[in-house]
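The values are calculated or read from the model by the stated rules, or taken from the named source; none is laboratory data. Just so it is clear, the model here is predicted, and its values are computed rather than measured. Cβ sites come from the backbone with ideal geometry, for glycine too, and all protein chains shown count toward neighbours.
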Amino acid sequence: MTPSRRTVLAGAAAAALSSSAQGQARASNAATFSLNYAPHEGSFASRGDRLEQIAFAADQGFRAWEDNEARSRSVAEQDAMAKALQRRGMTMGVFVASMPKWSAFRPVFGSDDGAEREAFLADVRASIEVAKRLNAKHMTVVTGFVDHKVPIEIQTGRVIDLMRRAGDILAPHGLALVMEPLNTRTDHPNVYMRSFAAGYAVARGANSPAVKVLADCYHEQIQSGNLIRSLGMIWDEVGYIQFGDNPGRKEPGTGEVNFNNIVRFLRERRYGGVIGMEHGNSQAGRAGEERLIAAYRAIDAA
């Protein structure tokens, strides 16, 4: 972090803490963020349950919400969340359409056995009603793990075919899956898709408006770096963006990524989609929540 960024962040943090000290009524009048930053359950854990956290986020000026686990929640919980977001004029971001089995390194979509590919498509079909219930337009998918017994070119062809089939399922409903490249250096060894460039190649191959790339800046910074150039090169296939600083996967300003410049780039490209806050808080409790808000105030002012 450069000295100027520290100064901006410290000033924003002080302002946020001062506002908090003057009471909730004052906080509820906070300025709306200019971009659609999306917190998630846990971002404001001290404020209550999921619905109370949504209300608090809206009061702070956040315009969107993410919930990776939404598909696993009951219909009643999904309905309640959708109503809470609608009441506050908030956009629903992504949820995970087909959750990988991380510890088992499954699924493997490039293998000779097509069973996991068919199971994935079944999950995509089942996610349509969830998306409609939540008024969501995007759902996250992970393109599985590598099969070291099959040439990578064959695996790529099979993944492209699978994503094209998934796109054919979703496109008539105005929905899109966003494929998330993940890093192998820190978090997810042996995943198939491990860079923005790899996501771009599959999206181009699938050739569907319903198959795009989820550009998670945390993962790309670890795996490849060069974030702004990388985003620019794949821009036509970007469907969704997530933030998280590195190292640590916490809020902007806690690591090496210059999110001020990332935000400027997104404004130049007129990005109007959701930006998922796919990270934790660097401090626990309310102090950490205030720091989180201040961090996003700082980059939003860039």
Query raised in the report: If you take the residues in region 155-174 that are of a type outside the set (A, V, I, L, M, F, W, C) and over 16 Å from Ala97 (Cα atoms), which one is surrounded by the fewest Cβ atoms within 10 Å (Cβ to Cβ)?
Result: Pro172
Requested in this report: Please go through region 40-59 and pick out each residue that is in a loop (DSSP other than H, G, I, E, B) and surrounded by fewer than 23 Cβ atoms within 10 Å (Cβ to Cβ).
Outcome: Glu41, Gly42, Gly48, Asp49
Query raised in the report: Do the conditions hold for Leu177, that is, is it crowded, with 18+ Cβ neighbours inside 10 Å, in a loop (DSSP other than H, G, I, E, B) and under 18 Å from the mean Cα position of the chain (by Cα)?
Result: no
Report summary line: Expected output for region 105-123 (first residue aliphatic (A, V, I, L, M), partner not in a loop (DSSP other than H, G, I, E, B), Cβ below 9 Å, 6+ apart or cross-chain) is Val108/Glu116; Val108/Phe145; Val108/Gln155; Leu121/Leu162; Leu121/Arg165; Leu121/Ala166; Leu121/Ile169
**Report entry** Of residues in region 266-283 being more than 17 Å from Leu214 (Cβ to Cβ) and not small (Gly, Ala, Ser), the one surrounded by the most Cβ atoms within 10 Å (Cβ to Cβ)
**Finding:** Asn281
Report summary line: Residues of region 256-286 being in contact (Cβ under 8 Å) with a residue 40 or more places away in the chain, assigned to a helix (DSSP H, G or I) and not charged (D, E, K, R), in sequence order, are Phe259, Asn260, Asn261, Ile262, Val263, Leu266, Gly285
Report task. With the condition kept exactly as written, say whether any residue in region 60-77 is under 25 Å from Ser34 (Cβ atoms) and in a helix (DSSP H, G or I). Result -> no
Requested in this report: Residues being within 10 Å of Met179 (Cβ to Cβ) and outside any helix (DSSP H, G or I): count how many of those fall in region 193-213.
Outcome: 4
**Report entry** Considering residues of region 91-106 that are more than 29 Å from Asn36 (Cα to Cα) and in a strand (DSSP E or B) only, the residue nearest to the chain's Cα centre (by Cα)
**Finding:** Lys101
Query raised in the report: Given the residues Ser98, Ser46, Ser103, Ser111, which is the only one that is of a type in the set (Ser, Thr, Tyr) and out of contact with any Lys or Arg (no Cβ under 9 Å at 6 or more places or on another chain)?
Result: Ser103
Requested in this report: Name the one entry in Arg269, Arg249, Arg286 that is closer than 20 Å to Val178 by Cα, in contact with a helix residue (DSSP H, G or I) (Cβ under 7 Å, 6 or more places away or on another chain), modelled with pLDDT of 95 or more and not acidic (Asp, Glu).
Outcome: Arg269
Query raised in the report: Does any residue of region 158-173 turn out to be under 27 Å from Arg269 (Cα atoms) and assigned to a loop (DSSP other than H, G, I, E, B)?
Result: no
Query raised in the report: Restricting attention to region 220-244, which residues are surrounded by 15 or more Cβ atoms within 10 Å (Cβ to Cβ) and not in a helix (DSSP H, G or I)?
Result: Ser224, Val238, Gly239, Tyr240, Ile241, Gln242, Phe243, Gly244
